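The values are calculated or read from the model by the stated rules, or taken from the named source; none is laboratory data. Here the structure is a predicted model, which is why all the values come from computation and not from measurement. Note that we place each Cβ from the backbone using ideal geometry, even for glycine, and neighbour counts take in every protein chain shown.
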Amino acid sequence: MEEPKKRIGIFGGSFNPIHRGHLMLTQWLLHEMSFDQIWFVVSPSNPLKHSADMLPEQQRLEMVKLALNGHPRLVACDVEFDMPRPSYTIATLRELSSRHPDCDFTLIIGADNWEVIDHWRAADEIIRDYGIVIYPRPGATVNADTLPPGVTLCHAPVVAVSSTMLRNLIPQWGPLDYFLTPEVSDYIVNNKLYNYGNTLNRQH
């Protein structure tokens, strides 16, 4: 008898840095949406859209690995690192399906991304072949009654924490132990990332 395929949620982002809000959301999705695993697909740096506070992809991947260590159902994924750039979501999903025929992949996106899904490449194909789970985001509204087949709005708790906010706070506050896992916080401090210590040093 053929083994059933694993149900894998694909959670993409820059994770610059990964924080507890990401972990809280995916833990909720694992249990409430019956995923076998959720893969954190780290997006590579885009040389055409360089940002001074965007860490190299290898450092962001390392922080994801540190945050997920000990949680076998949450997996760090670097599939996009060796793909043509910019990486389109449909290309990533196709590549994952080719590499892992024993898995069924479902895309996980925020409500803010669903509001602009019409601008995504091959959005209809993503919905038809993979399906989408939408999670709530502050300021974004999704009407569940208007969603097409294959798209599900979940009711995960909204955590109003963003990587941008944390990057702005790290130079002023130092380690953000309540927002980041201890391993990620230590990695940032030890490698002096996100201008850690610069503002603090000027204050003393």
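Observations on the structure shown:
- Yes/no for residue 61 being crowded, with 19+ Cβ neighbours inside 10 Å, out of contact with any His (no Cβ under 9 Å at 6 or more places or on another chain) and closer than 18 Å to residue 184 by Cα: yes
- Helices (runs of 4 or more DSSP H) contained entirely in the stretch 1-117, each with at least 2 residues that are among the acidic types (Asp, Glu): 57-68
Every residue, every condition in (1) more than 22 Å from residue 163 (Cα to Cα); (2) of a type in the set (A, V, I, L, M); (3) out of contact with any helix residue (DSSP H, G or I) (no Cβ under 7 Å at 6 or more places or on another chain), yes or no:
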residue	(1), (2), (3)
63	no, yes, no
67	no, yes, no
71	no, no, yes
80	no, no, no
84	yes, no, yes
93	yes, yes, no
97	yes, no, yes
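- Test result for residue 75, farther than 18 Å from residue 152 by Cα, β-branched (Val, Ile, Thr), in contact with a Ser or Thr (Cβ under 8 Å, 6 or more places away or on another chain) and crowded, with 16+ Cβ neighbours inside 10 Å: no
- Among the residues of the stretch 145-168, the ones that are at pLDDT below 95, more than 22 Å from residue 27 (Cβ to Cβ) and either hydrophobic (A, V, I, L, M, F, W, C) or touching a Phe, Trp or Tyr at 6+ places or on another chain (Cβ under 6 Å) (or both) come to 1 in all.
Residues checked against (1) of a type in the set (Ser, Thr, Tyr); (2) free of Cβ contacts under 8 Å to residues at least 12 places away in the same chain; (3) assigned to a helix (DSSP H, G or I); (4) buried (at least 18 other Cβ atoms within 10 Å of the Cβ):
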residue	(1), (2), (3), (4)
121	no, no, no, no
125	no, no, yes, no
128	no, no, yes, no
145	no, yes, yes, no
157	no, no, no, no
164	yes, yes, yes, no
171	no, no, yes, no
177	no, yes, no, no
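- Listed conditions (1) at pLDDT below 95; (2) hydrophobic (A, V, I, L, M, F, W, C); (3) in contact with a Phe, Trp or Tyr (Cβ under 8 Å, 6 or more places away or on another chain) are all met by residue 48, apart from (3).
- Residue identified as surrounded by 14 or more Cβ atoms within 10 Å (Cβ to Cβ), farther than 25 Å from residue 176 by Cβ and at pLDDT below 95 among 87, 34: 87
- Selection count where residues are surrounded by 11 or more Cβ atoms within 10 Å (Cβ to Cβ), more than 20 Å from residue 32 (Cα to Cα) and β-branched (Val, Ile, Thr), scope the stretch 130-143: 0
- Number of residues in the stretch 56-84 that are farther than 18 Å from residue 107 by Cα and in contact with a strand residue (DSSP E or B) (Cβ under 7 Å, 6 or more places away or on another chain) equals 6.
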